[in-house]
Amino acid sequence: MSAPDTSSAVEPAVEPAGAKAAASGPVSVWVELDRLLRLAGPIVLTQMTQMGMSVADAMMAGRESPADLAGIALGGSFFWAMLLAMSGIIMALSPTVSQLDGAGRRDEIAGNVRQALWLAVFFGLVMIVLLLNVEPLYHWFDVDPVGIPIAVSYLNALCFGVLPLLGYFTLRNLCDGLSWTVPAMVIALAALALKVPLNYLLIYGNDSLGVPALGGAGCGWSSAIVMTGEFFAMLWVVVRAKRLSGLGIFASFSWPHWPTLKRLIRLGAPIGASLFAEISIFSVFTLLVGSLGVGAVAAHQIASNFGGVTFMVPMAIGMAASIRVGFNVGAGDYAGARRSAFVACALALFIAAIMGIGVFFGRYAIASLYTLDPDVLALGARILIFVAAFQLVDSLQVAAIGSLRGFKDTFVSMLIALTAYWFIALPIGAVLGLGLLSVTPIGLDGFWTGLTLGLAAAAVLLVARLRWLSVRPTRIQALSAG
């Protein structure tokens, strides 16, 4: 996509000739809410189930030892940041498919899917090379050496699942872009059902089966097995589903086509950078917290992990908003696209308020699910207060950024994310957490204060961008044209 268009700042907020006039008022809003909920429901369950596998890792490794919990936290600090950056590029496929579907140009979908699969292979290989060479960074961050061997073993095992997982994401984005979110939900449920017993077998071992206890590394091996299974399950769906048979996804072979790849990268790279900007802040903070000892890392992991669970709901709403907005833009219904966006934001805020209250009052019970160590439990419960507090701003920013992706407006969103997380959250968190600039250090509380303020800044700026863009049809058309 192009750089921000400053010349259109005074463009009249009216619809162009030919755009569909969508009904407004309470009835249309409730209809949109119903459509959004029907679309988001399976995505919520899919995301929660996917996150459930990470929760299973944390809970089961944590009961093995605080060192194992810290090890997978340190390993995950690199893995999830890289994965979201790489998969974010592939996420360009979803708004591309939804706009083509809305415009009635379904014959163009297959070619875009095949090119996205080439991107998955390339960026998957890049990710594997990076993951196999991260150990020096742990020493550079002065991480407690107890957790480093576990983190490295965990990442080495995960590398075997990287290519299948990115292939799965590509095919899932195809289905999601066509507003068919049920297959991913079913596959995710089956994956979680497989993940838990595999974790139990590989973490704790089984003498009768001759399986050694691998500790935290066992989480990596079980994840790699499950990721591979998810890919083949989604491949089977795409090949066999009648509703996709007319698209001809695998009817022919396509070599890399640079114009299509360039278009997908131009749209997806800012998405990947935005996701990386957010998740990498948690990763950097995990590494910085590593200097405070494995107990602090374990408590930080409890808050991060459960915060990730609650984040799955607004994230799913943002993904559904991207699909609804993209479909309406493709159909030329710009008023409908705006309505979809702000209904999604309101829904995310409402759910966030409920979740925040639940996390605050249930923080001790939540922390006890992850650890039996009383010191880690107390610290984890205290940090969960921050998780409860930033529910509102985190939910609002992810709903807004999802809606902007539906408009294919990803470059400005990336700039906002980079500013909020790296120029607000990181410096404030580091100063308060580590006591830089002669400030008295307050440890984990300082890091999480920075995170909360960064997310608040992102929410304000992204909603402002959404309000500005959603009433400027000429700019929307330019973004849609690529």
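The values are calculated or read from the model by the stated rules, or taken from the named source; none is laboratory data. Since this is a predicted model, take the numbers as computed values, not measurements. Virtual Cβ from ideal backbone geometry, glycine too; neighbours counted across all protein chains shown.
For this structure, a couple of remarks:
- When Val10, Val27 are checked against the criterion of being at pLDDT below 50 and either part of a loop (DSSP other than H, G, I, E, B) or basic (Lys, Arg) (or both), Val10 stands alone in meeting it.
- Among (1) hydrophobic (A, V, I, L, M, F, W, C); (2) part of a helix (DSSP H, G or I); (3) surrounded by fewer than 20 Cβ atoms within 10 Å (Cβ to Cβ) - the single one Met227 does not satisfy: (3)
- Within the range 56-66, being surrounded by fewer than 20 Cβ atoms within 10 Å (Cβ to Cβ) and aliphatic (A, V, I, L, M) holds for one residue alone: Met59.
- Screening Leu347, Leu418 for residues that are part of a helix (DSSP H, G or I), under 15 Å from Ala456 (Cα atoms) and modelled with pLDDT of 90 or more leaves exactly one candidate, Leu418.
- Exactly one residue out of Leu201, Leu131, Leu166, Leu158 is out of contact with any strand residue (DSSP E or B) (no Cβ under 8 Å at 6 or more places or on another chain), surrounded by fewer than 23 Cβ atoms within 10 Å (Cβ to Cβ) and either farther than 24 Å from Ser65 by Cβ or of a type outside the set (Gly, Ala, Ser) (or both): that is Leu131.
- Failed item, numbered, when Ala346 is tested on (1) surrounded by fewer than 24 Cβ atoms within 10 Å (Cβ to Cβ); (2) touching a residue at least 60 places away in the same chain (Cβ under 8 Å): (2)
- Failed criterion for Ala213 (all others in (1) surrounded by fewer than 22 Cβ atoms within 10 Å (Cβ to Cβ); (2) within 23 Å of the chain's Cα centre (by Cα); (3) more than 16 Å from Phe79 (Cβ to Cβ) hold): (2)
- For the range 316-342, a tally of residues being under 22 Å from the mean Cα position of the chain (by Cα) and surrounded by fewer than 24 Cβ atoms within 10 Å (Cβ to Cβ) returns 1.
- Residue match in the range 30-45 (condition: at pLDDT below 80, of a type outside the set (Phe, Trp, Tyr) and assigned to a helix (DSSP H, G or I)): no
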